[in-house]
Amino acid sequence: MSIQWFPGHMAKARRLLTEQIEWVDVVMELADARIPVSSRNPMLDKLLGKKPRLLLLNKADLADPSWTAKWLAHLRVSGLVYAVSATTGLGVKQIVPELERMVFAKQARQAEKGIRQQMIKVMIVGIPNIGKSSLINQLTGGAQAKVGNKPGVTRGNQWVRIHERVELLDTPGMLWPKFEELDVGRKLAALGAVKDEVFDIEELSTWIIDWLKQYSPNALVRYQTSDLEVTLESLGRKRGCLIHGGRVDTQKAAQVFLRELRMGQLGPITMDHVI
């Protein structure tokens, strides 16, 4: 399966991040709890350098909780990480206190030098469709207040005050130039990080169905008919995706399947299984 996107747009996002990183105290990185490794941009380590980072596994309400617990334990060996949901609000109240703890020592050192920094400046980064805007809405109660006269405002990004002491710089979703592992690209496409128009959704849906049969068969129960094996064809017939002559419109069936997968209607699923 060939997956392509617009490298010019991603290159611009990368340049902006490089320019703007010096303006912030902390980086808040969003990953997808269903693919907590596959959804992390491998370029960020180099781009962010030693800037303090808080990793948030978003969409935890859609992930398998047992796998989320395993991933949290594994990832916390390397840094700060929380499971959150920008949809339900799960874990969101932990974010601002953690940001304050992360900059406390730095601000204390600055205070000793007579430098009083009242606001904590945070950059939020992540792949496309990871839920950055939804998380900002959770943090602000839906009222996104732009903060003027700040670097980044004139470049298309915006500063948003999410707390009386915290200002957040939103950034565009950014993928990386090449997927070294094909399955990483498939997982990103499956969960909506890549636009459906740029890959074969029937081929992708068939791959996901086969993956679920092996690793999470209960997710396919809603599509089962008698003892027949679930396929894109049988799924489409079950969902009424029929065209003239009673044939299945597999394109429409794939669209239905991907929509239900992404909305969590197949139940909690985690697709990164290697720790």
Exercise. Pick from Val194, Val248, Val221, Val198: which is touching a residue at least 12 places away in the same chain (Cβ under 8 Å) and more than 23 Å from the chain's Cα centre (by Cα)?
Worked result: Val248
For this session: Would you mind stating whether Ser234 is small (Gly, Ala, Ser), surrounded by fewer than 17 Cβ atoms within 10 Å (Cβ to Cβ), more than 26 Å from the chain's Cα centre (by Cα) and not assigned by TED's automatic domain parsing to the domain that holds Leu57?
Result: no
Problem set entry | Subset of the stretch 77-118 [in contact with a strand residue (DSSP E or B) (Cβ under 8 Å, 6 or more places away or on another chain), assigned to a loop (DSSP other than H, G, I, E, B) and surrounded by 15 or more Cβ atoms within 10 Å (Cβ to Cβ)] | Val84, Ser85, Ala86, Leu90, Gly91
For this session: Answer yes or no as to whether Leu57 is under 15 Å from Ile269 (Cα atoms), among the aliphatic types (A, V, I, L, M) and modelled with pLDDT of 95 or more.
Result: yes
Problem set entry | Flag if Arg34 is at pLDDT 95 or above and either within 15 Å of Pro128 (Cβ to Cβ) or not aliphatic (A, V, I, L, M) (or both) | yes
For this session: State whether the residues of the stretch 166-182 include one that is in a helix (DSSP H, G or I) and either surrounded by fewer than 19 Cβ atoms within 10 Å (Cβ to Cβ) or charged (D, E, K, R) (or both).
Result: yes
Exercise. For the subset of the stretch 20-43 comprising residues that are exposed (fewer than 15 other Cβ atoms within 10 Å of the Cβ) and touching a residue at least 40 places away in the same chain (Cβ under 8 Å), which member is farthest from Arg262 (Cα to Cα)?
Worked result: Trp23
Exercise. In the stretch 211-253, which residues are closer than 22 Å to Thr270 by Cβ, in contact with a Leu (Cβ under 8 Å, 6 or more places away or on another chain) and part of a helix (DSSP H, G or I)?
Worked result: Leu212, Lys213, Ala219, Leu220, Arg222, Tyr223
For this session: Give the residue that is nearest to Leu212 (Cα to Cα), with candidates limited to residues of the stretch 34-55 that are in a strand (DSSP E or B) and in contact with a Phe, Trp or Tyr (Cβ under 8 Å, 6 or more places away or on another chain).
Result: Leu55
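The values are calculated or read from the model by the stated rules, or taken from the named source; none is laboratory data. Just so it is clear, the model here is predicted, and its values are computed rather than measured. FYI the Cβ positions are ideal-geometry reconstructions off the backbone, even for glycines, and counts take in every protein chain you see.
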